[in-house]
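Everything below concerns the one structure shown next.
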Amino acid sequence: MAKEYRHHTTGLETWFSLPGESVPAPARWKMVIATFSAIYPLSLLFQGVIAPATQNWPLALRALVFPLVMVPLLTYAVMPNVSRLLRRWLYPARRSHPPARPDS
């Protein structure tokens with residue numbers, strides 16, 4: 001009987017998946033750094049441009065605007081580019097030797 005293997009994910013792995021490749025997700029600490037490097041500047045921009053325009057809105061509506069803007073922006077535009085830009089760091093080339101050939 002084959003042993004069943006379960007892979008536990010944290011949720012951010014989809015931002016770091018490579019199209020057409022079944023490569024394991026990067027280390028969590030690398031995902032944190034890459035995600036932070038994308039979210040922090042966007043958050044600053046959001047707080048400087050959009051948040052002031054919503055100051056008079058009810059709290060629930062103001063709080064709704066941030067994820068409505070950020071999640072699609074990160075998912076479709078920013079994180080694919082960040083992943084591509086940091087690809088060599090996120091997915092370092094595996095240093096493995098090819099299998100030895102048996103002598104003929």
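Some notes on this structure:
- Gain on full stretching of the segment that runs from Ala53 to Arg84 - 0.36 nm per residue minus C-alpha separation: 7.9 nm
- If the segment from Val69 to Ala93 were pulled out straight at 0.36 nm per residue, it would be longer than the present Cα-Cα gap by 5.2 nm.
- Stretched out straight at 0.36 nm per residue, the stretch from Val32 to Phe46 would grow longer than its current Cα-Cα span by 3.0 nm.
Computed from the coordinates by the stated procedures, all read-outs in this text should not be read as laboratory data. Every value quoted in this text rests on a predicted model; they were computed, and no experiment measured them.
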